[in-house]
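First comes the structure, then the notes that go with it.
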Amino acid sequence: MINKVTCGILLVTISFFFCLVKIHAADVTVTGVVPPTTVTLSGVAPASSTITIIEDGIVVATTVTSVAGTFSKTVTSTAGIHNYSLFLTDTGGLTAPNTDFNNVTLTVHTDTQINNIHLPPTIALSRYTINNGGSTLIYGQGAPGSTVHVYLNGAEKFSGVIGSAWQFILSNGYHQGNNTIYALLTRGGYINSVNSYTVNLNVTACGRSDLNCDGFVNLTDFSILLYYWGTNNFTADINKDGTVGLIDFSIMMFDWTG
């Protein structure tokens, strides 16, 4: 009688253990976010300027630089090889040439970075035609903290560290006829910018009685005429008869601008 009870208890115990370890299969779903394929372009340009980003010939984004002249823009794209160009428009409405990055390989689901972009300066002249001896203001904008280098007919004429806007007065070193002027930027830790656009300065001969070539016939020219009165000074001898005298004075009065 005792043996039967013991066996019965054993059978129940084994059956209960079997129920505990029995496993049923179940479906499990895992969700997640796949990162996009992007490119991030960052660098420096004039303060508060607008940067336009072009991918494979199509404008894909714009951004505005900070007051310190920095910018960073992330653009969603596709994996593969792409060409990028950036250009700026400064707060005065002037633009600068494209800075290009060709054959950039983007990896799928990864952000590719193009850093330390140094965009070129803008440039303009206050006067594009001057008389020989006259002057014009060369001005533009560039990345704050960069050094601008201004070239006249291929030779460096001016340079200096800039805030954002920059300017220089050109009053000598040019020649009669057409003169070319452009600028570029240098900066520690960055490659040199590409050249700015080239602007042309046309220098004409002085007016007939404009003896100091400032664009006016006035008391300054009259003083020069009197200083050389009675001599054969080539500049003051307006009619080129070999003597500075009344005829030259009469011509100057006719040409008077004040």
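The criterion of at least 2 residues that are over 27 Å from residue 170 (Cα atoms) and under 22 Å from the mean Cα position of the chain (by Cα) is met, among strands (runs of 3 or more DSSP E) falling completely within region 77-133, by 80-89, 99-106, 111-118.
When we screen 235, 198 for residues that are modelled with pLDDT under 95 and either closer than 30 Å to residue 101 by Cβ or surrounded by 13 or more Cβ atoms within 10 Å (Cβ to Cβ) (or both), the only hit is 235. Of all residues in region 40-66, those that are within 18 Å of residue 118 (Cβ to Cβ) and either at pLDDT below 95 or among the aliphatic types (A, V, I, L, M) (or both) total 8. Annotation: residue 174 fulfils all but one of (1) over 29 Å from residue 49 (Cα atoms); (2) surrounded by fewer than 13 Cβ atoms within 10 Å (Cβ to Cβ); (3) free of Cβ contacts under 8 Å to residues at least 40 places away in the same chain; the unmet one is (2).
For (1) in contact (Cβ under 8 Å) with a residue 40 or more places away in the chain; (2) within 27 Å of residue 116 (Cα to Cα), each residue gets a yes or a no:
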| position | (1), (2) |
| --- | --- |
| 131 | yes, no |
| 137 | no, no |
| 153 | no, no |
| 158 | no, yes |
| 179 | no, no |
| 184 | yes, yes |
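For the condition part of a loop (DSSP other than H, G, I, E, B) and under 20 Å from residue 187 (Cβ atoms), residue 67 qualifies. Of the residues examined, residue 150 is not one that is surrounded by 17 or more Cβ atoms within 10 Å (Cβ to Cβ), in contact with a His (Cβ under 7 Å, 6 or more places away or on another chain) and over 16 Å from residue 90 (Cβ atoms).
The values are calculated or read from the model by the stated rules, or taken from the named source; none is laboratory data. None of the values given here were measured: they were computed from a predicted structure. Note: ideal-geometry Cβ built from the backbone for every residue, glycine included; neighbour counts use all protein chains shown.
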